[in-house]
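S.K.: Below: one structure in structure tokens.
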Amino acid sequence: MGNDPEIKRKKLFGTNGIRGVPNVDLTPEFCSDIATAIGTFSDTGNIAVGMDTRLSGDMISSSVKAGLLSTGKNVIDLGILPTPALQLYCRNNHVFGVVITASHNPPQFNGIKCIGSDGTELKQEDEARIEDIYYEKKYARCQWNTIGTISYFPGQIAEYHRSIISLVDAGKIRSRHYRVVVDAGNGAAYSSTPELLSKLGCAVTTLNANPDGLFSSRNAEPRPENLSSLLDLMKTERFDLGIAHDGDADRAVFVDENGKFIEGENTLALAIQDVARKGDIVVTPVSSSDLISDICSSSGLKLLQTRVGAPIVARSMIENSARIGGEENGGIIFGQHQYCRDGGMTAAKILDIMARSGKRISDLVAELPKYVLLKESIHTDIPWSKLSSMLKEHFRSNRMDFTDGLKIFFPGGWILVRPSGTEPIIRVYSNARNEKNADELSNIFRSAFQKITG
Ligand code: MG
């Protein structure tokens, strides 16, 4: 190893915190050490800790708490709760937070995510400072008589509900007596979202609402291919809305009263139309559908597009005092509530929009302009620096944008190509006014890719 400062350090923090397999990447020793670095870095005396339902949550949380306590920080243990409920605690109490979750990843994974005392995911440069402390072992361990203590606060889910309910027309929602299905996917919102919607006067039917760290019932990613139970139930019985979360419930996706899955860009568009006021700035990643730019220009809103990653969108929203922003995967950020993706707030807001308009969710979606956003992954071992130069050369006569990866514009649509940070694949997004044109763009890319890579 020696003293070479250029020794390859593995980057620990990805787009959404540290992810890995417990006892392989996330050993008790590693979790305790990284938490000691987090405790050393954080500038608040108390640190909130929470987790999703994963089986490894207790082991990782125990190690994380030990590391934090060793730096003299007191731990407020919030238990199992949706990530945005923990983020609200951090914001309201001005404390740093750590959440143990791997969001939508399979059950064998877990993760450690840091939340600043403003309730938003840390900036990447702050995560890099924590990595420096970890690799250089510059831990600020305290003396025996100032080691921290743990207190338990089980009331945060109720606080989270109160906060959400204050931002919607609860009376109007209650007056509609909606029948809703919540598919919690065995994850962190297993009690939170059903309770929230009951408080809003809904008759709630639950699916997969038992906390199960093995995610036995379905994949934690709320895509239509993983939601067959919810889709089938919505088709066979009369309900007004179906709601499904990812593992840590910062995202919410919806199914209409006919059992049709609603793509996330549609709910983001409905939320933008409802929340934003003329002249507002709206923030989304560069991967968001042209539906969003269309809605923004027709409503007199300015659209700002960032690199892909919810923490980047949230930080840009703070800088621009944006009221609303988010991603096309069901991760919506309501600035009036807090600057993070918020599955519970999204569920309540969609019911709020339905209740105040008196319209069914399918009608609200039908009123939106139609766009199709296709997403696919292509395996490649070619480094991105080389591949992107070849693509730039191939598409040199097209207009391009380099905010994140390579966005190539065509008449009536665009293709976005981004390298994955963790796997030898590129992600390709094709956006057009209909399925046929989006397919054509996808084919244009595939043949160009084949041609330049042989
Ligand atoms: Mg998530």
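S.K.: Using a Förster distance of 41 Å, how high is the FRET efficiency between Tyr139 and Lys260, based on the Cβ-Cβ distance and rounded to 0.05?
M.R.: Approximately 0.20, to the nearest 0.05.
S.K.: Moving on. At a probe size of 1.4 Å, how large is the accessible area of Lys349, to the nearest 10 Å²?
M.R.: Spelled out: Lys349, probe radius 1.4 Å, area about 20 Å².
S.K.: I would also like to ask the following. Just the accessible area for Phe402, please: 1.4 Å probe, Å², rounded to the nearest 10?
M.R.: Surface open to solvent at Phe402 totals about 120 Å².
S.K.: Here's another thing I want to ask about it. Please report, in whole Å, how far the alpha carbons of segment 144-218 spread along each principal axis, starting with the longest.
M.R.: Result, largest extent first: 58, 34, 12 Å.
S.K.: Under a crude label model (7 Å from the Cα following the beta-carbon direction), how far is Ser229 from Asn74 in nanometres?
M.R.: Computed distance between label sites Ser229 and Asn74 equals 4.1 nm.
S.K.: Any idea how far apart Thr236 and Asn398 come out in nm if each label point goes 7 Å out from Cα toward Cβ?
M.R.: Between Thr236 and Asn398, the simple spin-label model gives 4.5 nm.
S.K.: I'd like to know which of Gly412, Trp384, Ala438 lies farthest towards the positive end of the charge dipole of segment 372-453, counting +1 on Cβ of Lys and Arg and -1 on Cβ of Asp and Glu.
M.R.: Gly412
S.K.: What accessible area, in Å² to the nearest ten, does a 1.4 Å probe give for Arg323?
M.R.: 90 Å²
S.K.: For Thr15, Thr44, give me the order by solvent-accessible area with a 1.4 Å probe, most accessible first, ignoring ligands, DNA and RNA.
M.R.: From most exposed to least exposed: Thr15, Thr44.
S.K.: For the cross-link pairs Lys172/Lys349; Lys235/Lys349; Lys123/Lys278; Lys73/Lys138; Lys278/Lys359; Lys375/Lys436, which exceed 20 Å when the distance is taken from alpha carbon to alpha carbon?
M.R.: Distance filter (> 20 Å) returns Lys235/Lys349; Lys123/Lys278; Lys278/Lys359.
S.K.: Moving to a separate point now. Which one, Val64, Met345, Gly50, projects farthest toward the positive side of the charge dipole computed for the chain from Cβ point charges (K/R +1, D/E -1)?
M.R.: Comparing the listed Cα positions along the dipole, Met345 ranks first.
S.K.: Follow-up. In terms of solvent-accessible area of protein heavy atoms at a 1.4 angstrom probe, what is the ranking of Lys235, Lys407, highest value first?
M.R.: I get Lys235, Lys407, largest accessible area first.
S.K.: Shifting gears a bit: Let me know the shape class of the chain, please: from the alpha-carbon gyration tensor, a ≥ b ≥ c as square roots of the eigenvalues, rounded when a/c is under 1.5, otherwise prolate if a/b is greater than b/c, or oblate.
M.R.: Note, shape of the chain comes out oblate.
S.K.: So for the chain: antiparallel DSSP bridges make up what percent, rounded to the nearest 5?
M.R.: The answer is about 55 percent antiparallel.
S.K.: Quick one: dipole size for the chain, taken about the Cα centre, charges +1 on Lys/Arg Cβ and -1 on Asp/Glu Cβ, in debye to the nearest 20.
M.R.: 640 debye
S.K.: So how far apart, in nm, are the two label points at Thr453 and Lys10 if each is 7 Å from Cα heading toward Cβ?
M.R.: Distance between label points: 2.6 nm.
The values are calculated or read from the model by the stated rules, or taken from the named source; none is laboratory data. Given the structure is predicted, the values throughout are model-derived calculations rather than measurements. Please note: Cβ atoms are built from the backbone with ideal geometry, for glycine as well, and neighbour counts cover all protein chains shown. In case anyone asks, the SASA skips ligands and DNA or RNA and just uses the protein heavy atoms, side chains included. Shrake-Rupley method; radii C 1.70, N 1.55, O 1.52, S 1.80 Å.
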